[in-house]
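Below is one structure, written out as structure tokens; the observations come after it.
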Amino acid sequence: MHFDASQQLQEFVEKKVSKLEKLFEEATTLDVTMKLIKPETSMNKEVSLSLAGAGSDMFVSKVSDKFEDALLDCIDALKVKIEKNKEKMSKK
């Protein structure tokens with residue numbers, strides 16, 4: 001389902017994602033995907049984050065009542081993956 005994100009939502013995403021990019025400086029791309037899940041019920045907003053760089057590809061996806069909450073859940077999950085990736089790389 002197509003929707004137009006409000007300016008406020010776009011700014012929220014940019015602000016939160018920019019902090020993530022600082023955690024993983026090797027990132028070459030960070031894609032944010034938002035979609036509404038049909039039928040329109042509660043828990044119908046899905047956010048996916050895809051992060052690539054330094055030979056590592058990471059992907060997380062979360063569903064919530066609000067895009068903002070789903071984004072924050074994705075960021076938390078991706079932070080864990082970034083830390084695990086850093087640990088793995090430091091052992092090499």
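The values are calculated or read from the model by the stated rules, or taken from the named source; none is laboratory data. As the structure is a computational prediction, the values presented were derived from the model and not from experiment. Note that each Cβ is placed from the backbone with ideal geometry, even for glycine, and that neighbours are counted across all protein chains shown. Just so you know, the surface numbers come from the protein's heavy atoms only, side chains and all, with ligands and any DNA or RNA stripped out. Shrake-Rupley method; radii C 1.70, N 1.55, O 1.52, S 1.80 Å.
So what J values fall out for region 60-72 if you push phi through Karplus, 6.51 cos²θ - 1.76 cosθ + 1.60 with θ = phi - 60°, rounded to Hz, Gly and Pro as x?
Coupling constants for region 60-72: 9, 8, 9, 10, 7, 6, 10, 4, 4, 5, 4, 4, 4 Hz.
So if we plug the beta-carbon distance of LYS81 and GLU40 into 1/(1 + (r/R0)^6) with R0 = 30 Å, what FRET efficiency do we get, rounded to 0.05? Numbers along the way, then the final one.
Working: r = 30 Å, r/R0 = 1.01.
Calculated transfer efficiency: 0.50.
Give the carbon-plus-sulfur fraction of the accessible surface of region 30-92 in %, rounded to a whole number; probe 1.4 Å, heavy atoms of protein chains only.
Values: 1930 of 3840 Å².
Heavy-atom surface of region 30-92 belonging to carbon and sulfur, 1.4 Å probe: 50 percent.
Using θ = phi - 60° and the Karplus curve 6.51 cos²θ - 1.76 cosθ + 1.60, what whole-Hz ³J(HN,Hα) does each residue of region 81-89 get, with Gly and Pro shown as x?
Once rounded to whole Hz, the list reads 5, 4, 4, 4, 5, 5, 4, 4, 5.
List the GluC sites (Glu not before Pro) within region 32-92 that fall in a DSSP loop (any state other than H, G, I, E or B) and whose Cβ has at most 13 other Cβ atoms within 10 Å.
Values: sites: GLU40, GLU46, GLU68, GLU83, GLU87; in loops: GLU40.
For GluC sites (Glu not before Pro) across region 32-92 that sit outside H, G, I, E and B with at most 13 neighbouring Cβ atoms in 10 Å, the list reads GLU40.
Going by alpha carbons, how many degrees (0 to 90, nearest 10) lie between the helix axis of 7-23 and the longest principal axis of the chain?
10 degrees
On average, how much accessible surface per residue is there in the chain, in Å², for a 1.4 Å probe, leaving out ligands, DNA and RNA? Mind dumping the intermediate values first?
Values: 6130 Å² over 92 residues.
Result: 67 Å² per residue.
Determine the alpha carbon to alpha carbon distance for each of LYS45/LYS79; LYS66/LYS88; LYS15/LYS35; LYS22/LYS84; LYS16/LYS45; LYS16/LYS84 and list only those over 23 Å.
Values: LYS45/LYS79 21 Å; LYS66/LYS88 33 Å; LYS15/LYS35 19 Å; LYS22/LYS84 16 Å; LYS16/LYS45 17 Å; LYS16/LYS84 20 Å.
Cα-Cα > 23 Å for LYS66/LYS88; rest within.
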